[in-house]
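Structure first, commentary second.
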Amino acid sequence: MSVKTIFIAALSISSLLLSGAGMAAQTGCPEHFANGIAPDIINQKLTAKTREICYSGFALKHSGVTRTPLYAAEHLTRERILQGKGLKRQSQFHPDENIPRSERAELHHYAKSGYDRGHVAPSADMFDTQSQFECFTLANMVPQVPENNRGPWEGIESAVRMMAKSKGDIYVVTGPIYQGSNIEQIGGAVMVPTKMFKAIYDPQRKEAGAYLIDNTADAQPEKISITELEKITGISIFPSVDENVKPRLMRLPEPKSFKERKRKGGRG
């Protein structure tokens, strides 16, 4: 059985091995994680060809099997969001030279695929030119259905930024989910996620929750607890957070599309 086949099987719900999380994941950039502790990959089959990459505005765990992130983590504050307001979007997609060619996505993999290069850590979360440039690395992208990426998913991203502005301080972990044994690839290399998630933790109020959405054109997001999300992903999203917090779903805002926000005069 190939490493890729093993990885796909590991991501299937039926094969998740959720018993016995390992020790806390080591990280070179604790500032991006709640209490300085990175997510724990519970299912060790998901760890093949993974590497942490620390950027100025976020950190990610990259998989050389899927050639996408397993997750990206951000510490969003009111000050950071306000600092980035009006920052010009650079849109300079580029491969990440921190990753070997045999494990990374290239521009040609996405060409004529029909999929967007969907940000995991959003460009609108970034606060200066360096973080913007880093955000457009292909290491931070997944193949995303255009109607999803530019519609409900963008609404989720905007809702989370509004939470950061209103609450002042939140931690966010975002990532793809690959379920089933027939995962599509683009360019013969980059795997297409079946779902996406965005998890939020409010350290002041000790609350947490997540959005989950299918990677389809007509998908609508659902809200789930961190406990539920961890069962689906095989990843301990917030390993340092009290276990009593994870089963309780915090109040999450209803995501609004760009057209809805524009009609109401909001920027998101």
For the stretch 182-205, the count of residues that are closer than 17 Å to L229 by Cβ and of a type outside the set (G, A, S) equals 9
Restricted to the stretch 201-241 and to residues being touching a Leu at 6+ places or on another chain (Cβ under 7 Å) and charged (D, E, K, R), the residue least open to solvent (accessible area, probe 1.4 Å) is K223
Expected output for the stretch 239-267 (first residue modelled with pLDDT under 95, partner open to solvent by 100 Å² or more (accessible area, probe 1.4 Å), Cβ below 8 Å, 6+ apart or cross-chain) is K256/K264; F258/R150; R261/R267
Checking A121, A189, A111 in turn, the sole residue that is among the hydrophobic types (A, V, I, L, M, F, W, C), surrounded by fewer than 21 Cβ atoms within 10 Å (Cβ to Cβ), more than 17 Å from T216 (Cβ to Cβ) and touching a helix residue (DSSP H, G or I) at 6+ places or on another chain (Cβ under 6 Å) turns out to be A189
With the first residue restricted to the stretch 89-116 and required to be part of a loop (DSSP other than H, G, I, E, B), and the second required to be loosely packed, with under 15 Cβ neighbours inside 10 Å and of a type in the set (A, V, I, L, M, F, W, C), Cβ contacts under 8 Å at 6 or more apart or on different chains are F93/L107; P95/L107
Scanning the stretch 112-137 residue by residue, those closer than 20 Å to I186 by Cβ and more than 16 Å from the chain's Cα centre (by Cα) turn out to be K112, S113, G114, Y115
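Hey, any hits in the stretch 168-179 for a residue that's polar (S, T, N, Q), in a helix (DSSP H, G or I), touching a helix residue (DSSP H, G or I) at 6+ places or on another chain (Cβ under 9 Å) and within 23 Å of F197 (Cβ to Cβ)?
There is no residue in the stretch 168-179 that is polar (S, T, N, Q), in a helix (DSSP H, G or I), touching a helix residue (DSSP H, G or I) at 6+ places or on another chain (Cβ under 9 Å) and within 23 Å of F197 (Cβ to Cβ).
The values are calculated or read from the model by the stated rules, or taken from the named source; none is laboratory data. Nothing here was measured: the structure is a model prediction, and the numbers come from that model. Using ideal geometry, Cβ is built from the backbone for each residue, glycine included, and neighbour counts are taken over all protein chains shown. What goes into the accessible areas is simple: the full protein's heavy atoms, side chains included, and nothing from ligands, DNA or RNA. Shrake-Rupley method; radii C 1.70, N 1.55, O 1.52, S 1.80 Å.
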